[in-house]
Structures are given as structure tokens and as C-alpha cells.
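The next block holds one structure in the form of C-alpha cells; read it before the comments.
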Amino acid sequence: MLNEFNPVPKPVKVDKKLKPYMKQRPRKKKKPKKNTNVTMYHNRKIPHWKQRGEVSRKEGNEALRHYGECCAVCGNPDFQLHHIVHKGYGIGGRGKWRNLVPLCLFHHTGEKGVHTIVAFDQYWKELHAKKFGPHFFKDQWDLWMGGLISSPTEKLFERFMQGEEERLTNIGGN
């Protein structure tokens, strides 16, 4: 019988990650990741430094209300918000409006920008320290851990920062 029915065998399921010539390996159990992003201080969880450096819409709008919706140097309406004290590595500036200034691309990262010229970067740091006090780049968590406020609430943070501004205007005015 030449016309005998010979069905084609079903293909074997092969793991797509493995090449046909590789053996099927048993899957390893994944170890649960330790949450290294949580820092505890006096039995309170403190947000990660990256999260604290992010600029919220509220903080960005407050910085723009203070400086206007354009570059603080040249008035260009195409701007980026610059962290005066940079965000880096846990000890840097936070995403609070007192630590922000709107700068155009040229004055932010250009050849005469704050990320290029150290003196220009220092100018903004000194200006904000004179305007808002030495803690202008901190958030409520930094002030609380430094013993400057009794609890890390937004209300106590703003009261402290406004007190610093008033103190500086009284010193400068006398």
C-alpha cells in the first residue's frame, strides 16, 4: 500500500529562550528581593532619596510663580527646572521649589550653563542661601532628622522655611 496514511507528529514544545541544541534546564527559584529603598529613623519610614529629589507639579508651579514662566536669566519661554543643589546620591538637593530655578537649555546645560561653569552654579547657590536661608535645598525629612522641626509634616516645614526667610529679611533690612 503506497498511499498509506502517515500523520505528521506534533511538534515538541521547546522553551523559546533555549536554542534547539540546549538541554532543558530546571528553573531556579527566585530569592525574594530585600527592600533596600526603605530607611528607618525613629521608627518612621523615610522615602528614598530619588523620590525626594523628584519635582512634583505643585513644587514646579510654585517655582514658576516665584520666577515667572521663563528662563530666570534671559526670559526664554522654553525652559527646564534646574536643581540648584543637585539631586545626587542621597545627600543632594530635594525637589522643593526653593531649590529650583527655571533655565533655558543654553543656561542649563549649554556652553555657558550651570552644569558647565562652576561660578554660575555657585551664584545660584549663594543667591538662594541669601533669599531662603542655608536650608533652602532640604525637605521636611532633612529638617526633622536634623532636629530643626519636631515632626516631618509639610505644615511645620513651611513654617520653618518662612521663619528663615523672615529672619533673613530682618537681618538684611536692619
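Out of the range 73-103, which residues are of a type in the set (D, E, K, R), under 15 Å from Arg52 (Cα atoms) and out of contact with any Gly (no Cβ under 8 Å at 6 or more places or on another chain)? Walk me through it before giving the result.
From the range 73-103, those of a type in the set (D, E, K, R) are 78, 87, 94, 96, 98; that's our starting set.
Those left that are additionally under 15 Å from Arg52 (Cα atoms): 87, 94, 96, 98.
Lys96, Arg98 - these are the residues of the range 73-103 that are of a type in the set (D, E, K, R), under 15 Å from Arg52 (Cα atoms) and out of contact with any Gly (no Cβ under 8 Å at 6 or more places or on another chain).
I'm trying to understand the selection: among the residues of the range 73-87, which are hydrophobic (A, V, I, L, M, F, W, C) and more than 12 Å from Phe106 (Cα to Cα)?
Start the filter on the range 73-87 by keeping residues that are hydrophobic (A, V, I, L, M, F, W, C), which leaves 73-74, 79, 81, 84-85.
Selection gives Leu81, Ile84, Val85.
Surrounded by fewer than 19 Cβ atoms within 10 Å (Cβ to Cβ) and either modelled with pLDDT of 90 or more or touching a strand residue (DSSP E or B) at 6+ places or on another chain (Cβ under 8 Å) (or both), is that true of Phe132?
On the way: surrounded by fewer than 19 Cβ atoms within 10 Å (Cβ to Cβ): no; either modelled with pLDDT of 90 or more or touching a strand residue (DSSP E or B) at 6+ places or on another chain (Cβ under 8 Å) (or both): yes.
It is false that Phe132 is surrounded by fewer than 19 Cβ atoms within 10 Å (Cβ to Cβ) and either modelled with pLDDT of 90 or more or touching a strand residue (DSSP E or B) at 6+ places or on another chain (Cβ under 8 Å) (or both).
From the list Asp142, Asp121, pick out the single residue that is surrounded by 19 or more Cβ atoms within 10 Å (Cβ to Cβ), part of a helix (DSSP H, G or I) and under 19 Å from the mean Cα position of the chain (by Cα).
Working: Asp121 fails: surrounded by 19 or more Cβ atoms within 10 Å (Cβ to Cβ).
After applying the criteria, what remains is Asp142.
Check the range 156-174 and report whether any residue there is surrounded by 12 or more Cβ atoms within 10 Å (Cβ to Cβ), modelled with pLDDT under 90 and within 21 Å of Tyr67 (Cβ to Cβ).
Among the residues of the range 156-174, at least one is surrounded by 12 or more Cβ atoms within 10 Å (Cβ to Cβ), modelled with pLDDT under 90 and within 21 Å of Tyr67 (Cβ to Cβ), which makes the answer yes.
Residues of the range 105-118 being surrounded by 13 or more Cβ atoms within 10 Å (Cβ to Cβ) and either β-branched (Val, Ile, Thr) or assigned to a helix (DSSP H, G or I) (or both), which ones? I'd like the intermediate steps shown before the answer.
Taking the range 105-118 first, the residues surrounded by 13 or more Cβ atoms within 10 Å (Cβ to Cβ) are 105-110, 113-117.
Of everything in the range 105-118, those that are surrounded by 13 or more Cβ atoms within 10 Å (Cβ to Cβ) and either β-branched (Val, Ile, Thr) or assigned to a helix (DSSP H, G or I) (or both) turn out to be Leu105, Phe106, His107, His108, Thr109, Val114, Thr116, Ile117.
I want to confirm something. Restricting to the range 35-56 and keeping residues that are within 16 Å of Lys138 (Cβ to Cβ) and among the aliphatic types (A, V, I, L, M), which single residue is modelled with the highest pLDDT?
Val55
Among the numbered criteria (1) in contact with a Phe, Trp or Tyr (Cβ under 8 Å, 6 or more places away or on another chain); (2) over 19 Å from His86 (Cβ atoms), which one does Ile171 miss?
(1)
I'd like to know if the range 88-96 contains one or more residues that are of a type in the set (Ser, Thr, Tyr), part of a helix (DSSP H, G or I) and exposed (fewer than 13 other Cβ atoms within 10 Å of the Cβ).
Yes, the range 88-96 has at least one match.
The values are calculated or read from the model by the stated rules, or taken from the named source; none is laboratory data. All values reported here derive from a predicted model rather than from experimental measurement. Every residue, glycine as well, gets a Cβ built from its backbone with ideal geometry; the counts of neighbours run over all protein chains shown.
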